[in-house]
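Student: Structure below; questions to follow.
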């Protein structure tokens with residue numbers, strides 16, 4: 001069992017860093033929507049001897065005659081990969097089974113690299129991508145100017161309706177008809193309502209676009225059948241393997257069989273070299289966990305907790321984007337610049353002093369700069385992993401209100417942190433690391 005004792009002997013300074021992080025995660029309320037806490041089994045796989053092995057290539061080859069993919073030896077550029085192949089095959093087959101996919105590439109090091117490979121598999125630089133605006137809930141790799149996506153492609157954004165703060169599919173369709181994009185992309189990092197992938201598919205078919213979904217945030221909910229599955233509707237689906245899916249930090253691509261060869265060549269050698277086989281093994285372990293009844297119950301509790309936290313915040317006078325949530329996350333809108341309310345940046349720092357980890361985030365039609373922002377994004381995956389339920393969400397909502405009401409009072413924030421630690425001590429998680 002991992003307990004960092006070898007690191008303690010070899011590198012005391014790093015051991016101290018690791019234990020400080022263990023204590024931070026144990027004592028704080030982790031409400032960052034994109035973070036979670038993996039099982040001991042996932043951690044063991046990530047720290048396994050598979051980290052020693054180079055394995056450029058795949059555990060399969062495409063037939064030159066038929067184009068079909070078949071598992072076979074000699075799909076790698078290195079020898080000694082027979083057991084690596086077995087580990088990667090487990091990850092691939094489990095991912096395909098969970099989501100009903102025709103093909104899975106489990107090698108992307110991150111969701112961003114998965115997105116890059118997916119775009120290049122079907123488009124070339126200069127082609128038009130219709131995607132969700134970052135400040136309305138999208139992701140940097142969906143076309144922001146500072147990302148590779150914004151630099152290499154012609155990005156046209158859609159957003160949410162100003163009144164309802166949810167997607168207006170008719171307006172998205174109008175943009176698609178006007179701009180005739182090569183790719184229609186949906187998925188979000190800060191959109192709290194369910195996405196109708198069937199409607200996006202219909203729009204993509206109408207304009208002849210390839211339909212790509214980034215399901216990184218909601219993959220776990222989809223695996224449990226709590227959100228519409230994009231795989232039957234999208235040509236290509238990208239995701240991270242952490243967040244709600246509760247696996248190792250990494251990426252994955254699911255696609256229709258006719259895109260498999262192009263997707264694979266753009267992952268390797270297109271955007272990355274040797275795969276991280278210890279992380280792929282860790283993904284496989286997480287996928288095995290995601291196929292259990294316990295995982296389904298866990299995902300249901302994530303949603304219950306999110307709804308309970310959202311309701312607790314609404315009852316305490318907070319304004320939530322789209323007035324609530326259907327998923328694992330919610331967005332507090334603290335108000336416009338000049339309203340007298342704190343910025344997201346200021347609220348994030350105050351929450352941190354009180355032992356609550358969250359992140360500032362832009363809200364739709366934000367009047368503050370992104371690094372300051374008017375919103376706070378909250379999520380329930382990590383606290384649900386620890387065993388917290390609706391009762392604790394009510395407490396957390398009250399903590400957040402107390403922080404807002406005492407945002408300039410460091411002494412009071414320290415007092416709130418003591419109450420936070422009392423709560424977290426009831427739900428220990430890392431006893432095996434000590």
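Student: Given the conditions (1) under 29 Å from residue 204 (Cα atoms); (2) assigned to a loop (DSSP other than H, G, I, E, B), which single one is not true for residue 274?
Tutor: All conditions are met except number (1).
Student: When the residues of region 343-358 are filtered to those that are touching a residue at least 40 places away in the same chain (Cβ under 8 Å) and assigned to a loop (DSSP other than H, G, I, E, B), which remaining residue is nearest to residue 403 (Cα to Cα)?
Tutor: Out of the qualifying residues, it is 354.
Student: Could you check region 226-250 and list, in sequence order, the residues that are in contact with a strand residue (DSSP E or B) (Cβ under 6 Å, 6 or more places away or on another chain) and assigned to a loop (DSSP other than H, G, I, E, B)? Quick ask: steps written out before the conclusion?
Tutor: Keep residues of region 226-250 that are in contact with a strand residue (DSSP E or B) (Cβ under 6 Å, 6 or more places away or on another chain), which gives 230-231, 234-241.
Answer for region 226-250, where residues must be in contact with a strand residue (DSSP E or B) (Cβ under 6 Å, 6 or more places away or on another chain) and assigned to a loop (DSSP other than H, G, I, E, B): 230, 231, 234, 235, 241.
Student: Answer yes if at least one residue in region 297-305 is over 19 Å from the mean Cα position of the chain (by Cα) and assigned to a loop (DSSP other than H, G, I, E, B), and no otherwise.
Tutor: Within region 297-305, not a single residue is over 19 Å from the mean Cα position of the chain (by Cα) and assigned to a loop (DSSP other than H, G, I, E, B).
Yes or no, residue by residue, for (1) under 27 Å from residue 132 (Cα atoms); (2) touching a helix residue (DSSP H, G or I) at 6+ places or on another chain (Cβ under 8 Å):
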{"position": "252", "(1), (2)": "yes, yes"}
{"position": "268", "(1), (2)": "no, no"}
{"position": "282", "(1), (2)": "no, yes"}
{"position": "295", "(1), (2)": "no, yes"}
{"position": "309", "(1), (2)": "yes, yes"}
{"position": "314", "(1), (2)": "yes, yes"}
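Student: Test residue 425 against the criterion of being at pLDDT 95 or above, in the same structural domain as residue 351 (by TED's automatic domain parsing), out of contact with any helix residue (DSSP H, G or I) (no Cβ under 6 Å at 6 or more places or on another chain) and farther than 30 Å from residue 39 by Cβ, and give yes or no. Spell out how you get there, then give the answer.
Tutor: Numbers: at pLDDT 95 or above: yes; in the same structural domain as residue 351 (by TED's automatic domain parsing): yes; out of contact with any helix residue (DSSP H, G or I) (no Cβ under 6 Å at 6 or more places or on another chain): yes; farther than 30 Å from residue 39 by Cβ: no.
In short, no.
Student: Could you check region 395-428 and list, in sequence order, the residues that are within 25 Å of the chain's Cα centre (by Cα) and either more than 28 Å from residue 216 (Cβ to Cβ) or assigned to a loop (DSSP other than H, G, I, E, B) (or both)? Don't jump to the end; show me each part of the working.
Tutor: Going through region 395-428, the residues within 25 Å of the chain's Cα centre (by Cα) turn out to be 396-397, 400, 424, 427-428.
Passing the criteria: 427, 428.
Student: Give region 159-193 a look and list any residue that's crowded, with 16+ Cβ neighbours inside 10 Å, in contact (Cβ under 8 Å) with a residue 60 or more places away in the chain and more than 25 Å from residue 110 (Cβ to Cβ), or say none.
Tutor: Passing the criteria: 159, 160, 165, 166, 193.
Student: Shifting gears a bit: In region 340-358, which residues are surrounded by 20 or more Cβ atoms within 10 Å (Cβ to Cβ) and on the phi > 0 side of the Ramachandran plot?
Tutor: Residue satisfying the conditions is 355 alone.
Student: Please find, among 91, 123, the residue that is surrounded by 21 or more Cβ atoms within 10 Å (Cβ to Cβ), in contact (Cβ under 8 Å) with a residue 24 or more places away in the chain and assigned by TED's automatic domain parsing to the domain that holds residue 279.
Tutor: Testing whether each residue is surrounded by 21 or more Cβ atoms within 10 Å (Cβ to Cβ), in contact (Cβ under 8 Å) with a residue 24 or more places away in the chain and assigned by TED's automatic domain parsing to the domain that holds residue 279 leaves just 91.
Student: Under the condition of being assigned to a helix (DSSP H, G or I) and under 24 Å from the mean Cα position of the chain (by Cα), which residue from region 359-394 is surrounded by the most Cβ atoms within 10 Å (Cβ to Cβ)? Working first, answer last.
Tutor: Going residue by residue through region 359-394, those that are assigned to a helix (DSSP H, G or I) are 381-385, 390-394.
Within this subset, residues satisfying the condition of being under 24 Å from the mean Cα position of the chain (by Cα) are 381-385, 390, 392-393.
Numbers: 381: 30, 382: 25, 383: 26, 384: 26, 385: 20, 390: 14, 392: 22, 393: 23.
Filtering first and then ranking leaves 381.
The values are calculated or read from the model by the stated rules, or taken from the named source; none is laboratory data. Just so we're clear, the structure is a prediction, and the values are computed from it rather than from any experiment. Because the Cβ atoms are built from the backbone with ideal geometry, glycine has one as well, and the counts that use them run over all protein chains shown.
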